[in-house]
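Contents: one structure, followed by commentary.
The values are calculated or read from the model by the stated rules, or taken from the named source; none is laboratory data. Remember, predicted model here, so these are calculated numbers, not experimental data. Here Cβ is always computed from backbone atoms with ideal geometry, including for glycine, and neighbour counts include all displayed protein chains. All accessible areas refer to the heavy atoms of the entire protein, side chains included, with ligands and DNA or RNA removed. Shrake-Rupley method; radii C 1.70, N 1.55, O 1.52, S 1.80 Å.
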Amino acid sequence: MEIQAPRGTYDILPPESRKWQYIERVIKETAERFGYSEVRFPIFEHTELFERGVGDTTDIVTKEMYTFIDKGGRSVTLRPEGTASCTRALIEHSIYSGPLPVKWYYNGPMFRYDRPAAGRYRQFHQFGVELFGSNNPYADVEVIQLLVKILENLGLKDYELHLNSVGCPQCRERYREKLVEHITPVKDQLCPDCQSRYAKNPLRVIDCKNPGCLEAIVGFPVLYDSLCDDCRQHYNTVQEGLTGQGIAYLHDNQLVRGLDYYTNTAFEIHLPQFGAASAVGGGGRYNGLVRFCGGPDLPGIGFAIGMERLLSAVERTGIDWEKDDLQVFVLVPDEHNRNIGLEICNILREAGVRTDQDYNGRSMKAQMKQANKRGARLVVIVGEDELAAGQFTIRDMVHKTQLTVPKEALLDRVKEILQ
Ligand code: AMP
């Protein structure tokens with residue numbers, strides 16, 4: 001029987017996992033410097049949370065959720081994104097009654113039943129942040145600045161930041177009417193999904209994955225023209241703030257979030273070299289979400305980055321990934337000296353040196369070959385003759401030189417050479 005990983009999933013094996021650790025470290029350090037703390041929430045939640053928190057007209061909820069009935073007869077869903085769970089946790093633990101704003105980040109696998117393609121998986125990873133409890137436009141600026149900083153700290157300079165405002169529910173209701181009026185005469189040209197949802201949620205037609213829908217509604221009225229004074233003021237301040245921070249952006253009328261509780265700022269970051277899958281991350285304000293999920297009237301804003309796309313973008317910069325090469329291979333020719341071999345391994349490991357030895361009963365020659373294959377910089381030989389004299393031989397695999405040192409000097413010499 002041949003068992004393979006399910007379609008749309010994949011394994012992260014060494015040395016690839018080191019690359020993941022590297023980008024995760026850079027991202028977390030950047031977020032921590034911006035005052036965010038990590039939150040961890042369950043991989044699955046009650047299905048209702050996502051139906052409410054993500055929205056029941058979205059592709060995620062209508063087509064892409066991994067939903068099943070558990071043994072207790074409850075409908076549960078593998079998390080397709082992080083914002084709904086963060087909102088649930090914020091409400092469940094009354095975090096909103098503590099100091100505001102609450103600044104959280106998360107990192108982990110998400111699940112969406114989508115057609116796998118380049119840069120699109122069924123299990124993928126997202127890093128995201130949520131800032132709850134401030135409606136100040138400079139909070140929007142700071143959140144966007146964090147997204148940009150993460151990219152820059154990973155050496156990605158050629159990004160495009162797309163920005164729009166989706167206004168408040170009042171602006172959007174005015175806009176919805178205008179948009180429905182524009183779409184109705186061409187509704188037969190839309191995909192079946194858009195035909196059934198355009199009257200209730202015409203914004204979904206603008207960001208439909210099917211390009212024919214956008215072509216059909218060409219010349220559609222833009223949301224910006226329907227913004228009320230407050231929303232326009234908020235958007236202008238965000239733009240001023242970004243400009244003040246030297247962050248370039250493109251105003252993008254097509255960037256919409258079609259749900260009632262998304263408000264004001266919406267943004268996406270693209271890496272144009274990636275073509276169709278160029279969006280590496282996106283987010284926006286969701287001032288209605290906490291209340292919609294049963295909490296107080298608390299504003300919020302956040303974003304999520306797709307880690308697979310980010311990693312392949314970093315890869316393309318030609319980055320010199322941190323080497324995972326073994327530093328020292330401890331060579332033990334005689335089985336009865338195993339304990340001494342392990343002791344040497346432990347001394348080196350305790351001092352932070354990546355050390356390993358053979359466990360397959362290889363001959364001395366084969367162990368030397370093995371050390372070479374593993375990329376070990378040094379080999380410490382625990383030989384019978386050397387031991388009798390209280391000494392060890394250190395072989396430098398790069399310079400092909402050898403020296404003999406007493407046990408007390410071993411660690412210092414190894415560290416010296418490695419430096
Ligand atoms: P979204 O929550 O849909 O705005 O997604 C945020 C980011 O997650 C996107 O910009 C992508 O980089 C990434 N993403 C979303 N869906 C997938 C997927 N199926 N496979 C890989 N990455 C994804």
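In region 187-203, which residues are open to solvent by 30 Å² or more (accessible area, probe 1.4 Å) and in contact (Cβ under 8 Å) with a residue 24 or more places away in the chain? Listed by number, the residues that qualify are Gln189, Asp193, Lys200. Restricting to region 155-205, count the residues that are in a loop (DSSP other than H, G, I, E, B) and hydroxyl-bearing (Ser, Thr, Tyr). Selection size over region 155-205: 2.
Within region 286-295, the set of residues being away from the ligand (no atom under 16 Å from the Cβ) and either free of Cβ contacts under 8 Å to residues at least 60 places away in the same chain or not aromatic (Phe, Trp, Tyr) (or both) comprises Asn287, Gly288, Val290, Arg291, Cys293, Gly294, Gly295.
The single condition from (1) open to solvent by 20 Å² or more (accessible area, probe 1.4 Å); (2) touching a His at 6+ places or on another chain (Cβ under 6 Å) that Cys293 fails is (2). Between Asn164, Asn153, Asn135, the distinction of being in contact with a Pro (Cβ under 9 Å, 6 or more places away or on another chain), within 26 Å of Thr243 (Cβ to Cβ) and either assigned by TED's automatic domain parsing to the domain that holds Gln233 or open to solvent by 50 Å² or more (accessible area, probe 1.4 Å) (or both) belongs to Asn135 only. Summed over region 64-88, residues that are more than 13 Å from the ligand (Cβ to nearest atom), open to solvent by 10 Å² or more (accessible area, probe 1.4 Å) and either within 24 Å of Arg120 (Cβ to Cβ) or not charged (D, E, K, R) (or both) total 6.
In the set (1) within 21 Å of Val180 (Cα to Cα); (2) in a loop (DSSP other than H, G, I, E, B), Asn264 fails one condition alone, (2). The criterion of at least 2 residues that are away from the ligand (no atom under 16 Å from the Cβ) and open to solvent by 60 Å² or more (accessible area, probe 1.4 Å) is met, among helices (runs of 4 or more DSSP H) falling completely within region 296-388, by 338-350, 364-373, 384-388.
Restrict the check to region 36-57 and report whether at least one residue is open to solvent by less than 60 Å² (accessible area, probe 1.4 Å), modelled with pLDDT of 95 or more, more than 15 Å from the ligand (Cβ to nearest atom) and in a helix (DSSP H, G or I). There is at least one residue in region 36-57 that is open to solvent by less than 60 Å² (accessible area, probe 1.4 Å), modelled with pLDDT of 95 or more, more than 15 Å from the ligand (Cβ to nearest atom) and in a helix (DSSP H, G or I).
If you check Gly300, Gly294, which single one turns out to be assigned by TED's automatic domain parsing to the domain that holds Pro80 and touching a strand residue (DSSP E or B) at 6+ places or on another chain (Cβ under 9 Å)? It would help to see each step written out before you state the result.
On the way: Gly294 fails: touching a strand residue (DSSP E or B) at 6+ places or on another chain (Cβ under 9 Å).
Going through Gly300, Gly294 in turn, the sole match is Gly300.
If you scan region 114-132, which residues turn out to be at pLDDT below 95 and either open to solvent by 50 Å² or more (accessible area, probe 1.4 Å) or not in a loop (DSSP other than H, G, I, E, B) (or both)? Selection gives Arg115, Ala117, Ala118, Arg120. Starting from residues that are hydrophobic (A, V, I, L, M, F, W, C) and under 16 Å from Ile23 (Cβ atoms), keep the ones in region 89-128 and report whichever is farthest from the ligand (Cβ to nearest atom). It comes out as Phe127. Within region 269-280, track down each residue that is in contact with a helix residue (DSSP H, G or I) (Cβ under 9 Å, 6 or more places away or on another chain) and either more than 10 Å from the ligand (Cβ to nearest atom) or closer than 16 Å to Ala118 by Cα (or both). Those that are in contact with a helix residue (DSSP H, G or I) (Cβ under 9 Å, 6 or more places away or on another chain) and either more than 10 Å from the ligand (Cβ to nearest atom) or closer than 16 Å to Ala118 by Cα (or both): Leu271, Gln273, Phe274, Ala277, Ser278, Ala279, Val280.
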